[in-house]
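Step one of this worksheet: look at the structure below.
The numbers here are math on the coordinates, done by the rules we state, and not lab data. In this text, all values refer to a predicted model and were calculated from it rather than measured experimentally. All Cβ positions, glycine included, derive from the backbone under ideal geometry; neighbour counts span all protein chains shown.
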Amino acid sequence: MQNITALRNVLKAYDNPAGKVSDIILENSSVKEENEAGSTEVQSVLFKNLIDFGTRISEPGFEHRETLEQTCEAAALGGFAAIMAFPTTGPAVDNQASVEFVTRRSGSYHGIKILQIGAISQGCEGKELAGILEMHSAGAVAFSDGQYPVRNGGLLMRAMDYLKGIGKTIIDTPFDVDIFPNGLVGEGAVSTLMGVPGIPAPAEEIIVNRDIQLAKYTGAKLHLFCISTEGSIELVRKAKAEGLPVTASVSVNNLLFDVTEMLDYDSNLKVMPPLREKSVCDRLWEAVRDGTIDIISSQHMPYEVEKKDLEFQYASFGALGIQTAMAGLLTRFGTQAAPVIQRAMSDRIIEIFGPQEVFSEDRFSCFEKVENYIFEEKELRSNCYNSPFIGRELAYKIKSF
């Protein structure tokens, strides 16, 4: 930990649940309490400058879903210091003025910094290039069409040429919708049992391979947003072994939930990329641990009840995540995973996209171990309720000071 003063303030504010003074030890970012027997147990875990990568904000244009203040409050309650926001608002963030509109509000709500991603194409529609250079000058930290994949390879290649010149990274969400025009869940035994069209792994892997080849050809920096298949992991691993400037992320959803959860037709788990088999979830986590996958994203996507509380086939893809991502990861993987989470949800984001200057002062978050805690709908800081964590038990909770 670099900011000793801030860290001491966190430790000073830490309150023993038993109401007594005890020795608090910082070890590998964990706060441990010495019990009466003299041994130590992990009670809390500390993180520094957490960033949610690829947050879908709803303002401007979709404030009925979630205001920017609500998104920032949810981020603060989720332990984050900053969000890296996708440009898919209404209108899209595809010009200098729209970048400035959002970045001027950075830090205004709950101290959350906003790192704005500019659009690759006008309106994020994949037809004409957006004003990349003017958005760069306005402070855009990267460029992407958000959750919409760039279907036009020629447009993507031209964007890469521009971005290579200014040293910024292009972020693409890899899937080919033409391969699964009616797909609803990951293709396999579960989609057969459910009686619904599946989404095959090649729909993702074909675009991953295309994007990597274009990055190799242009020399541009590429980030593949939320990969989800074993084939994609191997393609990224191979690209890195070749020294290509390729990085990748994974959604919290694809780490914590597997496709068998879909048997209840829960539309809050209808996400893109779709949930995969348990063995693939394990492979994705191992890829995070060994550095093949660089970043973990909450993949926060608010949708109003009219978009989610429908017959399963009509429900939109996407789930809330920013408020529960960290607690969910710690519940699933334990405090021993804290160094991996710190790297994947802060350190690597800063290394890849370079927003060091936004943290003039380090911001720590502390998660404490809790018992019998069920996350409830009323806790959500949103006008939407499409969270897969509602009604689930969490073993960790953000500690307020």
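A few notes on this one:
- Neighbourhood charge, 12 Å Cβ-Cβ cut-off, centred on residue 343 and excluding it, Lys, Arg +1 and Asp, Glu -1: -1
- Working from Cα pairs under 8 Å separated by at least six residues, relative contact order for the chain is 18 percent.
- When only Cα pairs below 8 angstrom with a gap of at least 6 residues are kept, the range 93-249 shows a relative contact order of 17 percent.
- Our estimate of slack between residue 393 and residue 311, defined as 0.36 nm per intervening residue step minus the Cα-Cα distance, is 26.9 nm.
- If both residues of a DSSP beta bridge must be in the chain, then about 45% of such bridges are antiparallel.
- Residue-wise HN-Hα coupling along the range 80-87, computed from phi with Karplus coefficients 6.51, -1.76, 1.60 (Hz; x: Gly, Pro): 8, 9, 7, 10, 10, 8, 5, x
- Interchain or long-range residues, amide H under 5 Å from residue 144's placed H: 118, 119, 120, 171
- Between the residues 247, 85, 137, the greatest Cα displacement towards the positive end of the dipole of the chain, with unit charges on the Cβ of Lys, Arg, Asp and Glu, is found for 137.
- Overall, the anisotropy analysis places the range 308-373 in the oblate class: the square-rooted eigenvalues a ≥ b ≥ c of its C-alpha gyration tensor yield a/c not less than 1.5, with a/b not exceeding b/c.
- Computed magnitude of the charge dipole of the range 264-401 (debye, nearest 20; Cβ of K, R +1, Cβ of D, E -1): 160
- Look at the dipole of the range 167-314 built from charges on Cβ: of 313, 179, 297, the Cα furthest out on the positive end belongs to 297.
- Annotation: extensible slack from residue 133 through residue 378 equals 83.9 nm (criterion: 0.36 nm per residue apart, minus Cα-Cα distance).
- The relative contact order of the range 247-401 comes to 26 percent, based on Cα pairs under 8 Å that sit 6 or more residues apart.
- Distant-in-sequence amide contacts of residue 319, defined by a placed amide H-H separation under 5 Å and a gap of 5 or more residues or a different chain, comprise 301.
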